[in-house]
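Right, one structure below, let's go through it.
The values are calculated or read from the model by the stated rules, or taken from the named source; none is laboratory data. All of these numbers come straight from a predicted model, not from anything done at the bench. Using ideal geometry, Cβ is built from the backbone for each residue, glycine included, and neighbour counts are taken over all protein chains shown.
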Amino acid sequence: MIALLYAVPALIMAAALFGAYHVVRRWNRARSAWRSGLTAEAECLRVYPVAHGGGDSFVRTGLRHVYEFRTREGRVVRFEEEGGPGTTMEGDIVTVHYADGLEVVATAIPHLRRSGHGLAAFMALSFIGVIVLFCAGFMVALTVFTSALHI
């Protein structure tokens with residue numbers, strides 16, 4: 001029974017840290033594209049809605065865009081991005097920022113300072129930090145409580 005009381009917060013912490021990894025990874029990818037200074041004109045090939053959650057949980061919806069552009073070297077790159085502007089429709093031409101390399105990293109989201117992307121990442125990481133601290137505090141309190149009762 002005591003093991004279950006440790007397992008639940010440990011699983012919640014693991015899920016929160018996995019979410020933090022994805023937030024940091026997405027932010028770093030977009031930041032590397034913005035910092036590279038490379039831009040190209042891309043065509044929006046497709047726009048479709050996505051939904052996360054459902055059932056008994058909160059449903060979050062958004063738009064996913066499929067873009068295609070040519071790098072300076074002439075390589076054709078197609079990528080998908082969630083969270084772009086709702087005003088971009090199929091056939092629109094947008095400016096993408098990209099970082100060239102073995103795997104091209106690209107984003108059509110406006111630069112960090114104008115989009116609030118960095119602030120959103122900071123807020124998400126702050127929320128995840130509160131969850132992790134709460135779970136860790138619960139586990140420490142449980143350890144103190146069980147050691148005091150000699151369980």
Long-range neighbours under 9 Å by Cβ, at least six apart or interchain, first residue more than 12 Å from TYR6 (Cα to Cα) within the range 139-151, second surrounded by 10 or more Cβ atoms within 10 Å (Cβ to Cβ): ILE151/ILE2; ILE151/PHE145
Within the range 94-125, of all residues that are among the charged types (D, E, K, R) and not in a loop (DSSP other than H, G, I, E, B), the one surrounded by the most Cβ atoms within 10 Å (Cβ to Cβ) is ARG113
Give just the number: which of (1) at pLDDT below 85; (2) in contact with a strand residue (DSSP E or B) (Cβ under 7 Å, 6 or more places away or on another chain); (3) exposed (fewer than 12 other Cβ atoms within 10 Å of the Cβ) does GLU41 not satisfy? (1)
Can you pull out every residue in the range 13-32 that is at pLDDT 85 or above and among the aliphatic types (A, V, I, L, M)? MET13, ALA14, ALA15, ALA16, LEU17, ALA20, VAL23, VAL24
Enumeration of residues in the range 68-93 that are surrounded by 18 or more Cβ atoms within 10 Å (Cβ to Cβ) and modelled with pLDDT of 90 or more: PHE69, VAL77
Can you name every residue in the range 1-60 that is closer than 30 Å to VAL140 by Cβ, under 13 Å from the mean Cα position of the chain (by Cα) and not hydrophobic (A, V, I, L, M, F, W, C)? GLY19, TYR21, HIS22, ARG25
Look through HIS65, HIS97, HIS150, HIS111 and report the one residue that is modelled with pLDDT under 85, within 21 Å of SER32 (Cβ to Cβ) and not aliphatic (A, V, I, L, M). HIS111
